[in-house]
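Q: Quick one: structure below, then a few questions.
The values are calculated or read from the model by the stated rules, or taken from the named source; none is laboratory data. Being a predicted model, the structure only gives us computed values, none of them experimental. Because the Cβ atoms are built from the backbone with ideal geometry, glycine has one as well, and the counts that use them run over all protein chains shown. Please note that ligands, DNA and RNA were not included when accessible areas were found on the heavy atoms of the full protein model with its side chains. Shrake-Rupley method; radii C 1.70, N 1.55, O 1.52, S 1.80 Å.
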Amino acid sequence: MSLDTISFKQTGYFSSLICDYIDGNPYLKPFYNRFPEVGNFKAQIKEKQQSALVSNSNRNILVKVLKAQYKNLNTSDLTLQNIETLKSDKTFTITTGHQLNLFTGPLYFLYKIVSAINLTKELKKQYPEFNFVPVYWMATEDHDFDEINYFNFKGKKIQWNKESNGAVGELSTNGLDDVLEVLKGEFGHSNNAEYLTELFKNAYLQHNNLASATRYLANELFKVYGLVIIDANNKELKRLFIPYIEDELLNNTSFKAVSETSKELSKSYNIQVNPREINLFYIAYNLRERIVFEDNVYKVLNTNISWSESEIKKELVEFPERFSPNVIMRPLYQEVILPNLCYIGGGGELAYWFQLKQMFGKFNVTFPILLLRNSVLIQTQTQFKKLQNLGVSKEDIFLKRDNFINKKVREISNIEIDFSEQKNQLKKQFEALFSLADQTDKSFLGAVKAQEVKQLKGLEKLEKRLLKAQKKVLSDQVLRMTELQNQLFPNGSLQERNTNFSEFYLEFGENLIPKLIEHLKPLQSEFLILKM
């Protein structure tokens, strides 16, 4: 087992916003609170301690809810201890969140949680007087079932076909026995395959909704590390959020603040999300629809439900669980109910968190430290040796397919297929012609320019034809290299965004997660290449 790294910028898979954040670009400073360095957590702890939101009563409600959610779950003593310590004003959380993807979805589900677990360990070493608890926030209130009803396994899409309305956490697991039968054929009959099959069966066939199934699954994978899993679609937790929901309904606070921040951020970067005037959904059985304010009446879209101002206030007090924050308000909800210091997310998530800094200020809620989760490319020893034998560097393998092939063909070819020198010579010759035309008859300048463009295009065309011909000559080597790249970058995307953990569990078994725990360093701002 060995470890290598490459910068996020060098991979070519991360936005300029994320690369600038990692590099500490001062332009972004107004859009976050503190940079993710271990020394900055001291001030973050102090700021959070001074917040009224981390009162003993709020902590006690949180612990009560978590204990109820863990009541029928066989978890570890460490997880139970972590839940209990949340009562203490010296305990803080490190949170990551994710959708309820079937069988965890892409690999980065694991990397998010491992990043959170390892950061709590690192903070405990630095600040031993405090306790730090890793939290996985289940996105049980999402309604985008098509985003989560499948996972990829060895190039195949394992899909759960079902009609879905409303919040996905409450979705019945009926029908997943059919998916289990498919998996039995795909996984095979090894000991590791038997474990995966049993894990899927116990998660999805022994639990009646997707939230319970996902809680069981994440707990089985990470309970030994003390992970605490929260389902915030809960009446008691929503009750703590009532003042913020009411403010949102009456004053459009988030819309105004996020719009203003987004206007500034968009001067240099693409905007990830656009706020609504009211950033809340109304949820009930098989229902999750936006709340809007039209003609002096509050309405739930695509329904006959409506209220006056006094009526919706009454509805909120009596049934706070029916009000669901969208992507803009969910982070605020998280920071209101958890004594949280840091949120760990992917590039897309952090991009929209940057839009929220001013909104948090308007609501007087502490903005968490934002940390990009660990990113990993797992290589088997066989793949690593093949890459070495073919002379493929770590920088090469991250190139997009066409650039990768062209670069390698040029390198291994016994003839020079780079006309850069010839193009430069041609340009110099035309500089002289431009000078001559300028001194004699300026009307010829256009003709000279047209001839230059024509001849440069001719050279480029010839270069491409030679490169194509050489690819045929070297087709065996090109095929071996592209097959390797396709294995490591399925469908031309990062492995972690495509492949399910089960592929690697079949090969590495119970060593997979411990090895990730051992090697992932959450505050190390580089892309990891893990050779297993």
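Q: Are there any pairs with C-beta distances below 7 angstrom linking a residue in region 268-291 that is basic (Lys, Arg) and open to solvent by less than 70 Å² (accessible area, probe 1.4 Å) to a residue that is modelled with pLDDT of 95 or more and part of a strand (DSSP E or B), with the two at least 6 apart or on different chains, and if so which?
A: Final answer for the pair search is 288/281; 288/324; 290/281.
Q: Taking residue 361 as meeting all but one of (1) surrounded by fewer than 18 Cβ atoms within 10 Å (Cβ to Cβ); (2) at pLDDT 95 or above; (3) in contact with a Ser or Thr (Cβ under 9 Å, 6 or more places away or on another chain), write down the number of the exception.
A: The one condition residue 361 does not meet is (3).
Q: What pairs can you find where one residue is in region 158-186 and within 13 Å of residue 100 (Cα to Cα), the other is of a type in the set (Lys, Arg) and surrounded by 14 or more Cβ atoms within 10 Å (Cβ to Cβ), and their Cβ atoms are less than 6 Å apart, with a gap of 6+ or different chains?
A: Every condition considered, the pairs that remain are 167/288.
Q: OK, next. Hey, among 232, 218, 203, 213, which residue is touching a Ser or Thr at 6+ places or on another chain (Cβ under 6 Å) and open to solvent by less than 50 Å² (accessible area, probe 1.4 Å)? Explain how you work it out, then say what you get.
A: Values: 232 fails: touching a Ser or Thr at 6+ places or on another chain (Cβ under 6 Å); 218 fails: touching a Ser or Thr at 6+ places or on another chain (Cβ under 6 Å); 203 fails: touching a Ser or Thr at 6+ places or on another chain (Cβ under 6 Å).
The conditions single out 213.
Q: Exactly one condition in (1) touching a strand residue (DSSP E or B) at 6+ places or on another chain (Cβ under 6 Å); (2) open to solvent by 10 Å² or more (accessible area, probe 1.4 Å); (3) within 30 Å of residue 78 (Cβ to Cβ); (4) not polar (S, T, N, Q) is not met by residue 150; state its number.
A: (3)
Q: I would also like to ask the following. Answer yes if at least one residue in region 305-312 is touching a residue at least 24 places away in the same chain (Cβ under 8 Å) and farther than 23 Å from residue 61 by Cα, and no otherwise.
A: If we filter region 305-312 for residues that are touching a residue at least 24 places away in the same chain (Cβ under 8 Å), which is where we start, we get 309, 312.
With the extra rule that they be farther than 23 Å from residue 61 by Cα, the set shrinks to 309, 312.
Within region 305-312, one or more residues are touching a residue at least 24 places away in the same chain (Cβ under 8 Å) and farther than 23 Å from residue 61 by Cα.
Q: Any idea how many residues of region 1-47 are surrounded by fewer than 17 Cβ atoms within 10 Å (Cβ to Cβ), under 17 Å from residue 93 (Cα atoms) and β-branched (Val, Ile, Thr)?
A: 1
Q: Here's another thing I want to ask about it. Condition (residue is within 23 Å of residue 196 (Cα to Cα) and of a type outside the set (Asp, Glu)) applied to region 129-136: is it met by at least one residue? Spell out how you get there, then give the answer.
A: We begin by selecting, within region 129-136, every residue within 23 Å of residue 196 (Cα to Cα); these are 136.
Within this subset, residues satisfying the condition of being of a type outside the set (Asp, Glu) are 136.
Yes - at least one qualifying residue is present in region 129-136.
Q: Can I ask one more? Against the condition open to solvent by 50 Å² or more (accessible area, probe 1.4 Å), modelled with pLDDT of 95 or more and part of a helix (DSSP H, G or I), how does residue 471 come out, does it pass?
A: Numbers: open to solvent by 50 Å² or more (accessible area, probe 1.4 Å): yes; modelled with pLDDT of 95 or more: no; part of a helix (DSSP H, G or I): yes.
Considered against the rule, which asks whether it is open to solvent by 50 Å² or more (accessible area, probe 1.4 Å), modelled with pLDDT of 95 or more and part of a helix (DSSP H, G or I), residue 471 comes out as no.
Q: Right, here's the next one. Take the residues in region 166-202 that are over 20 Å from residue 512 (Cα atoms) and among the small types (Gly, Ala, Ser); name whichever of them is modelled with the lowest pLDDT.
A: Top of the filtered list is 166.
Q: Still on this structure, I have one more. Mind checking whether some residue in region 232-245 is in contact (Cβ under 8 Å) with a residue 60 or more places away in the chain, of a type in the set (A, V, I, L, M) and outside any helix (DSSP H, G or I)?
A: Taking region 232-245 and keeping what is in contact (Cβ under 8 Å) with a residue 60 or more places away in the chain, we get 232-242, 244-245.
If we keep only those that are of a type in the set (A, V, I, L, M) too, we end up with 232, 237, 240, 242, 245.
Now narrow it down to the ones that are outside any helix (DSSP H, G or I): 232.
Looking through region 232-245, at least one residue is in contact (Cβ under 8 Å) with a residue 60 or more places away in the chain, of a type in the set (A, V, I, L, M) and outside any helix (DSSP H, G or I).
Q: May I pose another question? Only one of these is free of Cβ contacts under 8 Å to residues at least 40 places away in the same chain, closer than 17 Å to residue 134 by Cα and open to solvent by less than 10 Å² (accessible area, probe 1.4 Å): 331, 368. Name it.
A: Working: 368 fails: free of Cβ contacts under 8 Å to residues at least 40 places away in the same chain.
None of the other options fit; the residue is 331.
Q: Looking at residue 305, is it open to solvent by less than 20 Å² (accessible area, probe 1.4 Å), of a type in the set (A, V, I, L, M) and over 23 Å from the mean Cα position of the chain (by Cα)?
A: On the way: open to solvent by less than 20 Å² (accessible area, probe 1.4 Å): no; of a type in the set (A, V, I, L, M): yes; over 23 Å from the mean Cα position of the chain (by Cα): yes.
No.
Q: What number of residues in region 494-521 are under 20 Å from residue 4 (Cβ atoms) and not in a helix (DSSP H, G or I)?
A: Count: 4.
Q: Another question, if that's okay. Please go through region 220-272 and pick out each residue that is touching a helix residue (DSSP H, G or I) at 6+ places or on another chain (Cβ under 8 Å), of a type in the set (S, T, N, Q) and within 30 Å of residue 317 (Cα to Cα).
A: Passing the criteria: 233, 234, 253, 254.
Q: Right, another one. Taking the options 321, 349, name whichever one is open to solvent by 10 Å² or more (accessible area, probe 1.4 Å), under 22 Å from the mean Cα position of the chain (by Cα) and acidic (Asp, Glu).
A: 349 is the lone residue from the list that is open to solvent by 10 Å² or more (accessible area, probe 1.4 Å), under 22 Å from the mean Cα position of the chain (by Cα) and acidic (Asp, Glu).
Q: Condition test on residue 383, is it open to solvent by 10 Å² or more (accessible area, probe 1.4 Å) and either under 30 Å from residue 505 (Cβ atoms) or part of a helix (DSSP H, G or I) (or both)? Walk me through how you get there before you give the answer.
A: Numbers: open to solvent by 10 Å² or more (accessible area, probe 1.4 Å): yes; either under 30 Å from residue 505 (Cβ atoms) or part of a helix (DSSP H, G or I) (or both): yes.
Yes, satisfied.
Q: Could you list, ordered by first residue, the pairs with Cβ atoms under 9 Å in which the first is in region 44-73 and in contact (Cβ under 8 Å) with a residue 60 or more places away in the chain and the second is open to solvent by less than 20 Å² (accessible area, probe 1.4 Å) and among the basic types (Lys, Arg), at least 6 apart or interchain?
A: Pairs that qualify, where the first residue is in contact (Cβ under 8 Å) with a residue 60 or more places away in the chain and the partner is open to solvent by less than 20 Å² (accessible area, probe 1.4 Å) and among the basic types (Lys, Arg), are 54/48.
Q: Which residue is surrounded by the fewest Cβ atoms within 10 Å (Cβ to Cβ), if the candidates are limited to region 94-130 and must be outside any helix (DSSP H, G or I) and of a type in the set (S, T, N, Q)?
A: Of region 94-130, the ones outside any helix (DSSP H, G or I) are 94-101, 105-107, 127-130.
Keeping just the survivors that are of a type in the set (S, T, N, Q) gives 95-96, 99, 101.
Values: 95: 25, 96: 26, 99: 17, 101: 19.
So, considering only residues that are outside any helix (DSSP H, G or I) and of a type in the set (S, T, N, Q), the one surrounded by the fewest Cβ atoms within 10 Å (Cβ to Cβ) is 99.
Q: Only one of (1) open to solvent by 20 Å² or more (accessible area, probe 1.4 Å); (2) at pLDDT below 95 is not met by residue 408, so which one is it?
A: It fails just one condition, (1).
Q: Of the conditions (1) of a type outside the set (A, V, I, L, M, F, W, C); (2) over 23 Å from residue 169 (Cα atoms); (3) open to solvent by 50 Å² or more (accessible area, probe 1.4 Å), residue 192 clears all except one; give me its number.
A: Among (1) of a type outside the set (A, V, I, L, M, F, W, C); (2) over 23 Å from residue 169 (Cα atoms); (3) open to solvent by 50 Å² or more (accessible area, probe 1.4 Å), the lone unmet condition for residue 192 is (3).
Q: In region 1-22, what residues are under 11 Å from residue 526 (Cα atoms) and among the charged types (D, E, K, R)?
A: Within region 1-22, the first condition is being under 11 Å from residue 526 (Cα atoms), and the residues that meet it are 4-11, 19, 22.
Of everything in region 1-22, those that are under 11 Å from residue 526 (Cα atoms) and among the charged types (D, E, K, R) turn out to be 4, 9.
Q: Test residue 336 against the stated conditions and say whether it is in a loop (DSSP other than H, G, I, E, B) and in contact with a helix residue (DSSP H, G or I) (Cβ under 9 Å, 6 or more places away or on another chain).
A: Numbers: in a loop (DSSP other than H, G, I, E, B): no; in contact with a helix residue (DSSP H, G or I) (Cβ under 9 Å, 6 or more places away or on another chain): yes.
Spelling it out, it is not the case that residue 336 is in a loop (DSSP other than H, G, I, E, B) and in contact with a helix residue (DSSP H, G or I) (Cβ under 9 Å, 6 or more places away or on another chain).
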